[in-house]
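Take a look at the structure set out below.
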Amino acid sequence: MEVSIWQALLVGLWAGIAAIDQFNGLTHIHRPIVTGAVIGIILGQPTVGIITGGTLELVWAGMVPLAGAQPPNVVIGGVIGTLFAILSKLSPTTAVGIAVPFSVAVQALITLLFTGMAPVAHAMDVAGLNGETKTIDRMAWIEPAILFVGFFIMGFLPALFGSNVITPMVKAIPLWILGGFQAAGGIMPAVGFGMLLKIMWKVEYAPFFVAGFIAAAYLKMEILPIALLAAAFAAYDYFANQNRKSSGGGTPAPASGPSTDDDDEEDYSNGI
Amino acid sequence: MASEEKTLKQVEQTQIPDTYQDPTVRKVITEKDLHKMVWRSLMLQSSFNYERMQGGGWTYSLIPGLKKIHQNKTDLGYALLDNLQFFNTHPFLVTFVQGVILAMEENKENRSTIRGIKVALMGPLGGIGDALFWLTLLPITGGIGVSLSEQGNIFGPILFLILFNLVHFFLIFWLMDYGYHTGTRAIATMREKTQEISRAATMVGLAVVGGLTASYVKLAFNGTTNSFSIGKMKMNIQTGIIDKIMPALMPVAYVFFCYWMLKKGRSPLTLIGITLLIGLIGAAVGLFAWPAAIK
């Protein structure tokens, strides 16, 4: 399909806004589930955009900035993935396989930016000691501005030249490679889920994982009812522990019930 | 001395004094100021860098309060310089630290005490926040949104944004008020509460990850090329055997493979690489389906 300059500008604008939101604001309009829909609407194919955005969202479910460490960049993953799905008519999972390498490259750029921004902190020190709050206010916008411009370009160019450059390139790729990207894109959410498990998994809580899995695999339940059911059990657990605490006599019982206290302490040190 | 402009070299040699030129305690912070600073806290990571991390954004978010509290310019300068140092916590819990610190600044507590509380709070809150928001709230709201998105329903992203931000904005406003009004006393209560909340959140989070694993990891062999015949009966390896043992058997196995690798200290990037390789090799030998040619 042909992309007009206006559409490409809008894609760039969205990429820039999303780039700011991923660090400032954090309303999460930068997540692929939203970016996919927005780019789909800009390019006149909302349904493809929404579906691709959903597929990309799952890949980044566990790839989050833990303790400030940068994961493969979620904004460029959402933008490039959706563009490939729409412009080159790739299936959402194939688009995921292609988008991930781009996001790894941009991850490196972000790391570079965060290294290069240190001098601004020292300039802020000088302004701070002199009590010049207005100067600090202005300096606070340097990095968001860089992010906006950088991501604007990284969204605008692929959108503008997508159909003329990217599509012929994609067409030249042998089918088995595209099949490989498609398979990898389908498996990719497993990496994110593995990261979630690494932090959350404990044998004590394993029944909840099993229950959620069975509800989806055998009972074909949606995620929302699974979450609500689990929340009901968690609420029951909370009140049961509260009762145990209040009827525990003179000594104050630990926060989450006597039987699990040790585990919870350990939980804490693990960062949960 | 306060009127002289200081240079970078002087700043580096500055020793921040523990007490104030103007030690009068005045209650100047209003509810309106607090809310203004909650909005400014959205810029917490605006000056993020690897040396100070959120120090710049943290100070930016406090400026309206600090300006009102420290009317003496020298005091203000030291307060700003002190807060500009290294800071890093979770963006959704930062308003709690803001509230506590503002109450302390307003009381003109010693700078070293303020600094100590700030540093003592940011680490634990960072860990809790990662677990609660990035690893629980985000997968849950994202998973709910995706279950609509995969049908091409525009309410997928909309519902996601509403659910996520309800929690987000309720929390940052409530935590600011709570931190400011309860002051340092809030720290103990907060610690106990987060323990209980994170237990509940882990339960819901794991159930959702279990559901997501079964629904959204797509790992299956191509039926047409991977089948064999026993006499007259044609057996499809995927639908005839693997799915009969357990649906989503290979996805859950692969998720635990990733979990195991990550536990062993492998990086997510390695796993992404392995996954791409498996996809490409699998497709090359015909285990996985090839897409139709692009028109």
Scan segment A:164-185 and tell me whether some residue there is within 30 Å of residue B:206 (Cα to Cα) and among the aliphatic types (A, V, I, L, M). yes
Some residue of segment A:89-104 being at negative phi, surrounded by fewer than 20 Cβ atoms within 10 Å (Cβ to Cβ) and of a type in the set (Lys, Arg): no
For the structure I just gave you, tell me whether residue B:138 is within 14 Å of chain A (Cβ to nearest Cβ), surrounded by fewer than 24 Cβ atoms within 10 Å (Cβ to Cβ) and modelled with pLDDT of 85 or more. yes
Within segment A:88-102, does at least one residue satisfy the condition of being farther than 23 Å from residue A:21 by Cα, without any contact (Cβ under 8 Å) to a residue 40 or more places away in the chain and of a type in the set (Phe, Trp, Tyr)? no
Residue under question is residue A:14, and the condition is that it be among the aromatic types (Phe, Trp, Tyr), within 11 Å of the chain's Cα centre (by Cα) and in the same structural domain as residue A:99 (by TED's automatic domain parsing); does it hold? no
Within segment A:155-179, track down each residue that is more than 18 Å from the chain's Cα centre (by Cα) and at pLDDT 90 or above. A:156, A:157, A:158, A:159, A:160
Determine which single condition residue B:275 fails, assuming it passes every other condition in (1) at the interface with chain A (Cβ under 10 Å from one of its Cβ atoms); (2) of a type outside the set (Gly, Ala, Ser); (3) open to solvent by 50 Å² or more (accessible area, probe 1.4 Å); (4) touching a helix residue (DSSP H, G or I) at 6+ places or on another chain (Cβ under 8 Å). (3)
Looking only at segment A:195-224, count how many residues are surrounded by 15 or more Cβ atoms within 10 Å (Cβ to Cβ) and without any contact (Cβ under 8 Å) to a residue 24 or more places away in the chain. 16
In segment B:219-237, is there at least one residue being touching a Phe, Trp or Tyr at 6+ places or on another chain (Cβ under 9 Å), part of a helix (DSSP H, G or I), outside the structural domain of residue B:125 (by TED's automatic domain parsing) and open to solvent by 50 Å² or more (accessible area, probe 1.4 Å)? yes
Expected single match for touching a residue at least 12 places away in the same chain (Cβ under 8 Å) and assigned by TED's automatic domain parsing to the domain that holds residue A:88 among A:53, A:25 is A:53
Residues of segment B:246-261 classified as modelled with pLDDT of 90 or more and more than 14 Å from residue A:189 (Cα to Cα), total: 3
Candidates B:145, B:116, filtered to the one that is touching a Phe, Trp or Tyr at 6+ places or on another chain (Cβ under 7 Å) and small (Gly, Ala, Ser): B:145
Could you look through segment B:19-49, keep only residues that are over 18 Å from residue A:137 (Cβ atoms) and acidic (Asp, Glu), and pick out the one that is nearest to the other protein chains (Cβ to nearest Cβ)? B:22
Where residues in segment B:204-223 are touching a residue at least 12 places away in the same chain (Cβ under 8 Å) and over 21 Å from residue A:56 (Cβ atoms), which of them is farthest from the other protein chains (Cβ to nearest Cβ)? B:223
Quick one: which helices (runs of 4 or more DSSP H) sit completely within segment A:135-229 and have at least 1 residues that are outside the structural domain of residue A:113 (by TED's automatic domain parsing) and closer than 21 Å to residue B:198 by Cβ? A:189-200, A:206-217
Go through (1) surrounded by 14 or more Cβ atoms within 10 Å (Cβ to Cβ); (2) β-branched (Val, Ile, Thr); (3) more than 30 Å from residue B:284 (Cβ to Cβ) and name the single condition residue A:149 misses. (1)
Restricting attention to segment A:225-260, the residues that are closer than 20 Å to residue A:207 by Cβ, at pLDDT below 85 and open to solvent by less than 40 Å² (accessible area, probe 1.4 Å) number exactly 3
Determine if segment B:149-170 includes at least one residue that is within 30 Å of residue B:69 (Cβ to Cβ) and open to solvent by 10 Å² or more (accessible area, probe 1.4 Å). yes
Across segment A:122-172, the tally of residues that are β-branched (Val, Ile, Thr) and at the interface with chain B (Cβ under 7 Å from one of its Cβ atoms) stands at 4
Residue that is most open to solvent (accessible area, probe 1.4 Å), among those in segment B:1-32 that are in a helix (DSSP H, G or I) and at pLDDT 90 or above: B:32
Let me spell it out: the conditions are (1) buried (at least 21 other Cβ atoms within 10 Å of the Cβ); (2) part of a helix (DSSP H, G or I), and residue A:9 meets all of them except one. Which number is the exception? (1)
Counting only residues that are in contact with a helix residue (DSSP H, G or I) (Cβ under 6 Å, 6 or more places away or on another chain), open to solvent by 10 Å² or more (accessible area, probe 1.4 Å) and at the interface with chain B (Cβ under 7 Å from one of its Cβ atoms), how many does segment A:42-57 have? 2
When you check residue A:37 against the structure, is it crowded, with 22+ Cβ neighbours inside 10 Å, part of a helix (DSSP H, G or I), more than 9 Å from chain B (Cβ to nearest Cβ) and out of contact with any strand residue (DSSP E or B) (no Cβ under 8 Å at 6 or more places or on another chain), yes or no? no
If the Cβ limit is 8 Å and pairs must be 6+ apart or interchain, which residue in segment B:243-254 that is assigned to a helix (DSSP H, G or I) pairs with which residue that is among the polar types (S, T, N, Q)? B:251/B:213; B:252/B:213
The condition of being touching a His at 6+ places or on another chain (Cβ under 7 Å) and either farther than 26 Å from residue A:65 by Cβ or of a type in the set (Phe, Trp, Tyr) (or both) holds, among B:76, B:81, only for B:76
So which pairs qualify, if the first residue must be in segment B:109-126 and farther than 14 Å from residue B:93 by Cα, the second must be crowded, with 20+ Cβ neighbours inside 10 Å and aromatic (Phe, Trp, Tyr), the Cβ gap must be under 7 Å, and the two must be at least 6 apart or on different chains? B:111/B:78
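The values are calculated or read from the model by the stated rules, or taken from the named source; none is laboratory data. Only a predicted model underlies this, so the values are computations on that prediction, with no experimental measurement involved. Backbone-built Cβ (ideal geometry, glycine too); neighbour counts: all protein chains shown. Surface accessibility is based on the protein's heavy atoms, side chains included, excluding ligands, DNA and RNA. Shrake-Rupley method; radii C 1.70, N 1.55, O 1.52, S 1.80 Å.
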